Every structure is written in structure tokens, then in C-alpha cells.
1. Net charge within 15 Å of A92 by Cβ-Cβ distance, Lys/Arg positive one each and Asp/Glu negative one each, not counting A92 itself?
2. Report, by chain and number, residues whose modeled amide H sits under 5 Å from the one on V141, excluding near sequence neighbours (fewer than 5 apart, same chain).
3. Could you compute the net charge surrounding A260? Neighbours are other residues with a C-beta less than 11 Å from the C-beta of A260; K and R count +1, D and E count -1.
4. Percent of accessible area on the chain owned by carbon and sulfur, 1.4 Å probe?
5. Got a sec to turn the phi values of the range 210-227 into Karplus ³J(HN,Hα) couplings, 6.51 cos²θ - 1.76 cosθ + 1.60 with θ = phi - 60°, whole Hz, x for Gly and Pro?
6. Can you give the charge dipole size of the range 331-379 about its Cα centre, rounded to the nearest 20 debye, using +1 on the beta carbon of Lys and Arg and -1 on the beta carbon of Asp and Glu?
7. When ligands, DNA and RNA are left out and all protein chains stay put, how many square angstrom of accessible area per residue does the chain have with a 1.4 Å probe?
8. Could you work out which residue, out of D215, D350, D206, moves most in a Gaussian network model of the chain, that is, has the largest mean-square fluctuation with Cα springs under 10 Å?
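The values are calculated or read from the model by the stated rules, or taken from the named source; none is laboratory data. Quick caveat: nothing in here was measured; it's all calculated off a predicted structure. Cβ placement follows ideal geometry from the backbone for every residue including glycine, while neighbour counts extend to all protein chains displayed. We work out accessible area using only protein heavy atoms, side chains counted, and drop any ligands, DNA or RNA first. Shrake-Rupley method; radii C 1.70, N 1.55, O 1.52, S 1.80 Å.
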Amino acid sequence: MEFRPADRIGDLGVSEILTITARAQALRRDGRPVIILGAGEPDFDTPDHIKEAAIGAIRRGETKYTALDGSPELKRAIRAKFARENGLSFAASEVTAGAGAKQMLYNAMMASLNPGDEVIIPTPCWTSYLDIVRIAGGAPVPVPCPAEDGFRLTAEALEAAIAPRSRWLLLNSPSNPTGAAYGAEHYRPLIEVLHRHPQVWLMVDDMYEHIVYDDFRFVTPLALDPSLKPRCLTVNGVSKAYAMTGWRLGYAGGPAALIAGMAVVQSQSTSCPCSVTQAAAIAALDGPQDFLAARRDSFARRRDLVVTALNRIDGIDCRRPEGAFYTFASCAGLIGRTTPEGRVLQSDRDLCDWLLDAADVAVVPGSAFGLSPYFRISYATSEAELTEALARIAAACARLSR
């Protein structure tokens, strides 16, 4: 008898980013010199003081279960971080931790959505947002945010998207995949709309908070308007800023009743986050933060390298992002061109497939994030690899005929 998937996952698949990365890695194993610009993972190492904190915890025997959604010491560190960096005050009952920020989003949706409840999601977006909502029984409402709006949601678009079943607005700044970020001037009009619709709660993913460039000033919405606190969940984690993707630790602050509901979900899935990872996360949040600026400056140089090189390629137009470590470039000028093998490129997915086959460079099509024809580059790799990859992309595009 064949396996019959549950209806909730019947039309879902593994992330296209993971699929592309797996294919690229298989080509590498076959000896191809593939450069992978798909994964959203810093190439920096976890700082030594964080590693030492984890090693110390192991040696002290701190390898048992902890409190369900984070030890008291971890919650203290999270609360101190929110207060120190964001001006937010949370009680211990208003913070939670789990196995990554993705679990925070999943727990919140599972705890709050009834079948048919709607979640407004500006697109292009990280694809997991849409699928998490679907798995939780909700209905994602993608709202296109074009390049001319800076890939940001406008108040007018938000107002038009709100309906009787609207439950959440989910925002991500700086954004994966575009690198676009919301400043105070962008958030305030959205907050005004939310005040007119008190049934709509706000969920914000601040994962790339520390990776912002130039004169951009990061702010989280609750800091701008504390009156949102009864209906706002602020999500963050240690993965990107501290290069701790594999450690799996995310956290969130929000209303105590929601946090308790999220704990119910977590109690029946993963239970507590890894005890050793919690020790490392405490060291990350409490410890020195000076290295963050040097890493941010390195990312800024890479951003400038990538944006400049892409904009020199005929048929490609790339916006300069405010944060994160991604570029999201339009390839509209390449659609309809023909490869040397006689294949007409009809979509951004066609282009990305061809770049992997012909140039040994793996990038992700914009269609995976809800907007075509674009492609995403993760520049969280060395400048030498980026330079080589961009030279290959430029050479491959020059071989296309009109």
C-alpha cells in the first residue's frame, strides 16, 4: 500500500533552496567546481567564547532536560538583550526559546490559527512563512511588494489585504530574500493601519537585526509603539549574527497567553531546546558584541562587490539592499534570450538551471520566494568566491543571444 500524505502537506515540498543546494553539492562530489550562492548561512565561525561556554556546560554535566521553553538563565539573557538593544521590557512569562526562530514561528502559528484564519505576508518572502501557515491550517495572503516600493509593504497594500479572517501580519526586516529593511518611517504608516484593525496581530522576524549597512538604523515595531505589546510577537535568534546556524536556538517575546500556547505546542514536539546550545546562547547574548561590527563591515564590502558586478551585466538590474546578506536581482532583460545550445530562457528558474549547468554557479530563482523574474544571491561567502562566481555569471550571460 502506497504512503498517503496528510492533506496538510499534500501540496507542499522541501524548500527549493535545499533542493538546489543538494543538486549543487552532488555536482561537486562529481568533481565539478561549483560555487554555491544559495544557502543563507554566514561563512564566519562561531566565536570562541561561545564555543567555550558550550564546552564548559558539557564538562559541568549540564546535559539534562531544562525547563520546557528555556532555562531561567537563558530567559534572563533574552530579556536583558531585548531591554539593552531594543528598549523592550518582557517578564519571564513573556519570553520563550526553541530550536531556531523557525520553531518560534511554527509554534506561534500552531498555537493561534484556526482553519481558514489568514496571515498577511509581504512577498517576496522566505518560503517557509507560507508553508508554516498552511501546515497550521491557516491561509497565507501574499501581498506583492515590487521593487519600486523598495520590496516593502505599503500602508495602502496592507489596508487592502485585511479581511474579516485576518489574524496576523508577518513582517521580516531586514528581509530574506531581498535585503530590504523597514525603518521607523516605513513602520509607522503600517502601525496606523493596525490600530484601525485591532483583530490583526503583528509578528516580526528580526533575525538579521545586526546585519544592516550604511546609515540605516534598525528598529523593531514594538519599540516604536509599545501599545502594540498585547498583540505583537517579536522573533529573533542567534543563528545569523553569531554564526550559530547549526546550534539551533531561536527566541521570542510576546503576550504571556500566546507564549503559554506556544509552550503547549513545543511540549508535544521538541520539548526543551538543547541544554548545551542554551549555554552557548547565553554567552552570545551576554558576551562581547564588538566583533559584530567587523563582520557587518565585511558583509557590506561583499554586498557592494556583488551589486556592482551584477549591474554591469546586460539584462540584470540589482537593487542595493539595506541589510541581511542577499541580493535580489531582476533578470527580466535575460528572459527570452537563447543559450548556445538553442534553449530559450522562459523564466528565472530556467536561467538559474542554466547558470548551474553552464557556469557551475548555484543561485535561487525569485519564483521560489514569490516574485519573478528575479534571482537571489547569498553573499555570505568569501570575496574570492564571489568574484569568481560573478565573473562566471557575466561570461555565461554574454553567451546568450537575443
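1. Spelling it out: positives minus negatives among the neighbours equals +1.
2. Result for V141 returns V119, I120, I121.
3. So the environment of A260 carries a net charge of -2.
4. Carbon and sulfur: 53 percent of the exposed surface of the chain.
5. Values, residue by residue: 8, 10, 10, 10, 6, 9, 5, 10, 5, 8, 9, x, 5, 5, 6, 9, x, 5 Hz.
6. 160
7. Solvent-accessible surface per residue comes out at 41 Å².
8. Maximum fluctuation in the GNM of the chain, among the listed residues, is at D215.
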